[in-house]
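Asker: Encoded as structure tokens, here's the structure I'll be asking about.
The values are calculated or read from the model by the stated rules, or taken from the named source; none is laboratory data. Quantities reported herein were computed from a predicted structural model and do not represent experimental measurements. Please note: Cβ atoms are built from the backbone with ideal geometry, for glycine as well, and neighbour counts cover all protein chains shown. What goes into the accessible areas is simple: the full protein's heavy atoms, side chains included, and nothing from ligands, DNA or RNA. Shrake-Rupley method; radii C 1.70, N 1.55, O 1.52, S 1.80 Å.
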Amino acid sequence: MLNVLVNGCNGKMGNVVCDLIAENENMQVVGGFDKVSYSDSKFPIFTEIENITVKPDVIIDFSLPVATLNILDYAKTNKIPMVIATTGFTDEQTKIIEEASKTIPIFKSANMSFDIMIMKKIVSWLAPLLKNTDIEIIEAHHNRKVDSPSGTAQMLADSINESLGNTLHCEYNRHDKHEKRDKNEIGMSSIRGGNIVGEHTVQFIGNFETFEIKHTSYSRNVFAEGALKAAEFIVNQQPGMYAMEDVQLGTFLFETF
């Protein structure tokens, strides 16, 4: 039985993760961590690090960057592996996480969907073939998402850029620019509205045709399921940084591209 502590347990994704773990006979939530505790919770919810009385086998984190770094110190001190599904980290915060991975195994991904990892590989493979096109990335999420662009959109852009020798740059704001499009830019556009779970589109736009790859998430369950698979994976690893490409399920596919 895998004992899990869920950081951000009261959030929408945290709730989905807890519900799926409750249905999993190989896992159980031994505790949650969030700003508020509820007396009717099925497991203890801690609001202060020093009050945590359980010893989980793994921590699943769906929260905010500052909350991730808060629980990260606890994980390092107690040598607990972490699955980090939070996005919106600054470069400095990312370096802190990477440094922590020298002490504990950390699975970190901007998107826990396996299909998104397939999309990442496909667009990086396509980019050199379509290097003379204009590349645009459009992402859409619910109106409560605070970071923009999404971590997934940035991940896709970075993958494309790396495949082209890091010769491109991302353009996040055309409002203040009064000039034609730079041929070496990746345009980034964000839409926020309603309860959109997640949509990501990569367009390779030529003079006479457009090649488009799109992924649409219909349920938050896909991210929660990915996090549970990541938790099962990371508890058996040595300290270091891991991502979806490291999961055995995708070995053949990722070697193919």
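Asker: Within the stretch 220-241, can you find the residues that are open to solvent by 50 Å² or more (accessible area, probe 1.4 Å) and either touching a helix residue (DSSP H, G or I) at 6+ places or on another chain (Cβ under 6 Å) or touching a residue at least 12 places away in the same chain (Cβ under 8 Å) (or both)?
Answerer: Those that are open to solvent by 50 Å² or more (accessible area, probe 1.4 Å) and either touching a helix residue (DSSP H, G or I) at 6+ places or on another chain (Cβ under 6 Å) or touching a residue at least 12 places away in the same chain (Cβ under 8 Å) (or both): Asn221, Val222, Glu225, Lys229, Glu232, Gln237, Gln238, Pro239, Met241.
Asker: Does Thr90 fit the bill of being at pLDDT 95 or above and farther than 13 Å from Val4 by Cβ?
Answerer: For Thr90, the condition - at pLDDT 95 or above and farther than 13 Å from Val4 by Cβ - is not met.
Asker: Of the residues that make up the stretch 184-194, is at least one in contact (Cβ under 8 Å) with a residue 40 or more places away in the chain, among the charged types (D, E, K, R) and touching a Lys or Arg at 6+ places or on another chain (Cβ under 8 Å)?
Answerer: Yes - at least one qualifying residue is present in the stretch 184-194.
Asker: Run Glu25 past the list (1) more than 16 Å from the chain's Cα centre (by Cα); (2) surrounded by 14 or more Cβ atoms within 10 Å (Cβ to Cβ); (3) in a loop (DSSP other than H, G, I, E, B) and report the number of the one that doesn't hold.
Answerer: So Glu25 meets the others, but not (2).
Asker: Can you name every residue in the stretch 155-172 that is open to solvent by 50 Å² or more (accessible area, probe 1.4 Å) and either in contact with a strand residue (DSSP E or B) (Cβ under 9 Å, 6 or more places away or on another chain) or in a helix (DSSP H, G or I) (or both)? Reasoning before the result, please.
Answerer: Filtering the stretch 155-172 for residues open to solvent by 50 Å² or more (accessible area, probe 1.4 Å) gives 158, 162, 165-167, 169, 172.
Matches in the stretch 155-172: Asp158, Glu162, His169, Tyr172.
Asker: Further, regarding this structure: Going by the conditions given, is Asp61 in contact with a His (Cβ under 9 Å, 6 or more places away or on another chain) and at negative phi?
Answerer: no
Asker: Enumerate the pairs (first residue in the stretch 197-218 and closer than 12 Å to Leu130 by Cα and open to solvent by 30 Å² or more (accessible area, probe 1.4 Å); second residue anywhere and of a type in the set (Phe, Trp, Tyr) and not in a loop (DSSP other than H, G, I, E, B)) with beta-carbon separation below 8 Å, excluding pairs fewer than 6 apart on the same chain, so at least 6 apart or on different chains.
Answerer: Gln203/Phe211; Thr210/Phe204; Phe211/Phe204; Glu212/Phe204
Asker: While we're on this one: I'd like the full set of residues that are among the aliphatic types (A, V, I, L, M), within 26 Å of Val16 (Cβ to Cβ) and open to solvent by less than 60 Å² (accessible area, probe 1.4 Å), limited to the stretch 173-196.
Answerer: Of everything in the stretch 173-196, just one residue is among the aliphatic types (A, V, I, L, M), within 26 Å of Val16 (Cβ to Cβ) and open to solvent by less than 60 Å² (accessible area, probe 1.4 Å), namely Ile196.
Asker: Identify, from the list Ser113, Ser148, the residue that is surrounded by fewer than 17 Cβ atoms within 10 Å (Cβ to Cβ), of a type in the set (Ser, Thr, Tyr), at pLDDT below 95 and within 21 Å of Thr86 (Cβ to Cβ).
Answerer: Ser148
Asker: Identify all residues within the stretch 1-13 that are under 19 Å from the mean Cα position of the chain (by Cα) and either modelled with pLDDT under 95 or in a loop (DSSP other than H, G, I, E, B) (or both); write none if there are none.
Answerer: Listed by number, the residues that qualify are Gly8, Cys9, Asn10, Gly11, Lys12, Met13.
Asker: May I ask you to verify whether Ile106 is within 30 Å of Thr77 (Cα to Cα) and crowded, with 22+ Cβ neighbours inside 10 Å?
Answerer: Yes, satisfied.
Asker: Let me ask you something else. Going through the stretch 234-257 one residue at a time, which ones are at pLDDT below 95 and either of a type in the set (Gly, Ala, Ser) or closer than 16 Å to Gln28 by Cα (or both)?
Answerer: Result: Ala243, Gly250.
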